[in-house]
Structures are given as C-alpha cells and as structure tokens.
Amino acid sequence: GTPSPCDYEVGRLGNSQDARAGGTHEGAHRHVGVGRAALVTVKALSVSRQTRHFPQHLQDGGGEKKEHGKTSGPRMTKTFLKDHCKQYKLYSTPCLNDTLYLHFKGFASIENLEEYTGLKCLWLESNGLQQIDNLDAQVDLRCLFLQQNLIRKLENLEPLKSLCTLNVSNNYIQTIENISCLPQLTTLQIAHNKLEGIGDIEHLIQCLSISVLDLSHNLLTDPGILAVLEAMPELRVLNLMGNEVVKKIPNYRKTLIVRLKQLTFLDDRPVFPKDKACAEAWARGGIEEERKEAEQWNTRERRKIQEGLDALAMIRNKAQEKQHMKMDVQRGWRVQYSYKSICTFFHLSKGLKKN
C-alpha cells in the first residue's frame with residue numbers, strides 16, 4: 001500500500017541513527033529500538049494533531065462516554081438540557097419551561113430534571129428508556145409521553161399527582177400497575193405491549209378517573225376482561241383492536257355497547273345514540289327487536305329531514321313575499337312620483353302660455 005507519513009518519518013529517523021552507529025551490528029540494534037520509539041512518538045503526534053482541531057464532544061464520540069470499559073449512549077446531562085433549551089428557543093432558566101421535547105435522542109435513562117419544576121408536558125418518545133424514574137420534581141406535569149421505548153414496568157409515578165395523559169405504547173409492559181395513585185389520570189394509552197389476561201389489567205378497577213383507554217394490539221384473549229372494563233365508571237373511549245379477545249366475544253360491538261353504558265367511541269368509530277338504542281333493543285329481543293328499533297329511528301330521521309326541508313321552504317316563501325311587497329311599494333312610489341311630475345309639468349306649461 002501507499003506509505004503513510006508515519007512510515008516516512010520512522011525511516012528518516014532510523015536512517016540517521018543508523019548512520020551514527022556506523023553500520024555495525026550494534027548500530028542495527030539501535031536502529032530497531034530507535035525506529036520503534038520514533039513510531040510511537042510520531043503516532044502520538046499525529047493523533048494529537050488530528051484531535052486538536054475537533055470539539056471535545058466530537059472527540060468523545062458524540063456525547064458517548066466510557067464507563068468501566070464500556071461505551072454508554074447519549075446522556076441527559078445538565079449541559080445537554082441547557083443547550084437543548086437554547087437550540088429550541090426555550091427559557092434558559094429551567095423552572096420557567098413548561099414543555100421539553102426530548103424524543104428521538106437515544107437516552108437510556110431519565111436524569112437531571114430536578115431543576116425543571118414547571119414542566120406541564122414532557123416528550124420522551126422513541127428513546128432507549130428502560131425504567132420510569134427521576135420524575136420527583138415534576139409535580140405539575142400534565143402529559144407524559146413514553147411511547148416506543150424499552151420500558152417493562154409502570155413505576156415511580158407517585159409524585160405526578162396532576163398527570164392527565166400517560167402514553168406508554170410500544171413498550172414491553174406486562175401488567176398495569178402503580179397508576180391508581182394518579183387521581184387526575186383521564187387518558188391511558190398502552191397499546192402494543194404484552195398484556196395477556198385479566199390479572200394484567202385488573203388494576204384499572206382502581207383507576208376511577210380514566211375515560212380514554214387504548215389497549216389495542218396486546219395479547220388479550222379472555223372475554224372476562226369485560227368485567228374489569230364495566231367497573232370503570234368514567235370510561236368513554238375504548239380501543240381493543242388487534243387483540244384476540246375481539247374474536248372471542250359474540251356480537252362484539254353490540255355486546256360492548258350494551259355492557260359499557262357510557263361509551264361514546266369504540267375502536268375506530270363513534271357510538272351514536274342510534275347505535276346504542278339498537279344494541280339495547282337487540283339485548284332485549286334479538287335481531288327482530290333491533291330491526292324494529294332501527295326502523296323507528298329511520299322514520300324519525302326522515303321526519304326530521306322533511307321538517308327541515310319544510311322549514312327551509314317556508315323561509316324561502318317568506319323571503320319571496322317580502323321581496324314582492326318591496327317591489328310593489330317601489331312600483332307605487334314610482335307611479336306616484338310620475339303623476340306628480342306630470343301635474344307639475346302641466347301647470348308650468350299652462351303658466352308659460354299665459355305669459
């Protein structure tokens with residue numbers, strides 16, 4: 001291959017030392033020793049020259065640090081957080097920030113957020129987080145987004161008494177737990193996790209304020225989970241798509257609408273009053289009763305449509321009558337004005353003839 005600058009430097013130093021040694025056997029040994037020393041020296045100089053012109057964070061591998069001989073990923077250091085706030089034009093005083101966008105950063109842990117006491121919304125999506133911790137100072141936090149991480153357990157959420165929305169979708173959580181301590185939690189998104197049986201979600205019975213629940217694309221198979229969902233008094237929005245249990249509940253949509261009285265949205269579409277009435281009729285008397293109820297709703301809807309059309313026609317007729325009256329008034333005024341003009345002209349003409 002092409003000789004490097006280090007090879008040229010080693011050869012030059014080796015030749016000069018060899019010349020001093022007079023070409024003897026002893027000189028040959030000195031040549032080898034001096035050459036090795038020169039190689040180490042030149043390589044050190046070369047590295048120092050290469051790194052001297054790069055910022056420290058690039059020399060450290062883009063923020064990665066070596067601990068105990070192992071390379072760790074990017075860390076949520078105080079310096080990083082300060083630079084991040086500056087980059088996104090946030091407040092330089094940590095406690096004044098109400099939102100932090102720390103998603104897609106590759107963090108393995110949450111740390112150094114003690115000074116950010118004013119946070120209302122914290123984005124930690126798509127990192128490498130394995131644990132929920134170090135959020136003791138975020139007592140006013142309203143929204144916490146932890147989707148697409150490596151979290152296996154819901155924990156350390158006790159200080160977040162004001163939390164309203166928690167998103168932990170696309171993780172490895174096997175059990176819903178430790179969230180009954182969140183009295184204001186209304187939205188829980190825990191799709192694409194490892195929930196399987198009733199025991200994995202029965203903690204939801206203690207979460208009385210949850211109104212939006214996304215359990216889609218888990219491993220739920222037991223129809224008995226309906227008992228848990230029935231015990232949630234505020235449940236309005238539910239998503240169970242992608243679970244095997246959907247196939248195991250006969251007349252799935254009607255059954256859930258009947259048993260979960262407060263539902264307004266199920267899976268991918270709303271629950272309209274007509275849907276609820278027809279489902280309840282089906283529960284009372286089967287398909288025939290459901291058909292009669294649907295026909296009654298259709299009749300009422302057609303009547304409402306017709307009443308609306310009649311009201312529009314009445315408004316149109318009144319507007320036309322008003323327009324005709326206005327035109328008649330204008331026409332009469334024009335006739336009267338024309339008559340007066342003729343009389344005035346006649347009198348003027350008669351006066352001119354006398355003169």
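The values are calculated or read from the model by the stated rules, or taken from the named source; none is laboratory data. Please read these numbers as outputs of a predicted model, since none were measured by experiment. Note that we place each Cβ from the backbone using ideal geometry, even for glycine, and neighbour counts take in every protein chain shown. The area values use the complete protein model at the heavy-atom level, side chains included, leaving out ligands, DNA and RNA. Shrake-Rupley method; radii C 1.70, N 1.55, O 1.52, S 1.80 Å.
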Revision key, fill the gap. Applied in sequence order to segment 272-279, the curve 6.51 cos²θ - 1.76 cosθ + 1.60 (Karplus, θ = phi - 60°) yields integer Hz couplings, x standing for Gly and Pro, of 7, x, 4, 4, 5, 5, 5, 5
Review point. So, with a 1.4 angstrom probe, what is the percent of accessible area on segment 71-286 that is carbon and sulfur?
Key: 50
Exercise for review: State the antiparallel share, in %, of DSSP beta bridges confined to segment 71-286, rounding to the nearest 5.
Suggested key: 10
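Just flag the GluC sites (Glu not before Pro) in segment 78-152 sitting in loop per DSSP whose Cβ has no more than 16 other Cβ atoms within 10 Å.
Glu111, Glu114, Glu115
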**Study point:** Centroid-to-centroid separation of segment 147-164 and segment 174-208 [C-alpha atoms, Å]
**Key:** 11
Practice item. For segment 71-286, report the accessible area per residue in Å² (1.4 Å probe, heavy atoms, rounded to an integer). Key: 46
Practice item. Kindly provide the trypsin sites (Lys or Arg not before Pro) of segment 202-305 that DSSP labels as loop, not H, G, I, E or B, and whose Cβ sees at most 11 other Cβ atoms within 10 Å. Key: Lys261
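I'd like the FRET efficiency for Lys322 and Arg259, computed as 1/(1 + (r/R0)^6) with the beta carbon distance as r and R0 of 56 Å, rounded to 0.05.
Working: r = 55 Å, r/R0 = 0.99.
My answer for the efficiency is 0.50.
Computed over the Cα atoms, what is the radius of gyration of segment 71-286 divided by 2.2 N^0.38 Å, N being its residue count?
Values: Rg = 19.4 Å, N = 216, 2.2 N^0.38 = 17.0 Å.
The reported ratio for this selection is 1.15.
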